[in-house]
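Take a look at the structure set out below.
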Amino acid sequence: MTELDHRVKGVDHAAFPTFDPAGTVHFYRDVLGFPVVHSICAVGWGPEDHPDFIHFFFDIGNDDRIAFFYYFGFEPVHSRERGDAYAGFGPEVPEFFVRSRHLAIHVENTDDLLEYRRRLDSSAWPVEMQIKHETIESIYTHDPNGYLIEITMPLRPVTPQEDLDANLTIDALLDVVAEPDPTFGKLLARKAELIVDRAAAWELARAGQAAGR
Amino acid sequence: MTTLYVLDVPENTPLAKVAAEVSGVTVGRIGPYFEITASGAIMIDRRATGCRHAVWYSAVGGVARDSRIIQHDKDALRVEPA
């Protein structure tokens, strides 16, 4: 666990390139209803090969933003069928890896999740999957650029013990990857040791904090 | 001795409950974890727990070094002495 104070305030913006600004605006603004909140029209400067570009932003709630770069006269960097505007993948790359990178946007409840499902299902980008994970339920689609977008709601509030568990997992992971041939089995064995070392003391400390309030 | 740990969160409660009903299996606690122990193998039937797959496949918090998972699939979780 860290002793450093935690000053950041969420996502300012996450930025992606696009070769399809019309599709991108249609998807985010017109289908999902995310307002356009900022744009920059810039003449290419600095490196000589930098094209002129538009950098445009959509509000994804909580004052957080998703942003895109459209570069005039710049052609797609790959022609592979799998992947997205940023990167393409050949048949040697497994699907789980291709689908691993994604942006998940938070909604608060089932009504909101189903409202976005309705908006997507009546568009050219219908929901591809709706999945109940461990503690969240999510819908997924790919945007016009091929980026995997998830919209997710919590199934219940996060409990304090899940923070402990996450920290034990990460400490176990760091120990296991510091040794040769890390495996899931080795991680579970190391984590068991950390549970024995720390879990009881964590609960006592929490009970002490509660009594002290 | 066989020992595995499962975090006590609502999704995992049925797993601990089913384990406690298995003959020879003891479910204790260490902090916020269920400590599931037996002198021999521990076998937990997934369908009896009612856990959906995402919960089932991420439920194990730790497995003691003297134990090992020999089955963790859609049917069951089986842990034996190593």
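Just so you know, all these numbers are worked out from the coordinates, no wet-lab data involved. The structure presented is a predicted model; accordingly, all values stated were derived computationally and were not measured. Glycine also receives a Cβ, built like all others from the backbone with ideal geometry; neighbour counts cover every protein chain displayed.
Summary of computed values
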| read-out | value |
| --- | --- |
| Choice from A:Gly33, A:Gly46, A:Gly73 showing the highest fluctuation, given a GNM over chain A with Cα pairs closer than 10 Å | A:Gly46 |
| Fraction of antiparallel bridges per DSSP, chain A only, in percent to nearest 5 | 70 percent |
| Order of B:His72, A:His38 - criterion: other Cβ atoms within 10 Å of each residue's Cβ, fewest first | A:His38, B:His72 |
| Three-way shape call for the stretch A:1-116 based on the alpha-carbon gyration tensor, with the a/c threshold at 1.5 | rounded |
| Chain A, relative contact order [Cα under 8 Å, separation at least 6], % | 15 percent |
| FRET efficiency, A:Phe19 to A:Glu179 (Cβ-Cβ, R0 30 Å, nearest 0.05) | 0.10 |
| Choice from A:Val36, A:Val176, A:Val158 showing the highest fluctuation, given a GNM over chain A with Cα pairs closer than 10 Å | A:Val176 |
| Calculated diffusion of chain B, Stokes-Einstein form, Kirkwood radius summed over Cα pairs, 20 °C and 1.002 mPa s, µm²/s | 175 µm²/s |
| For chain B: relative contact order, % (alpha-carbon pairs under 8 angstrom, 6 or more apart) | 37 percent |
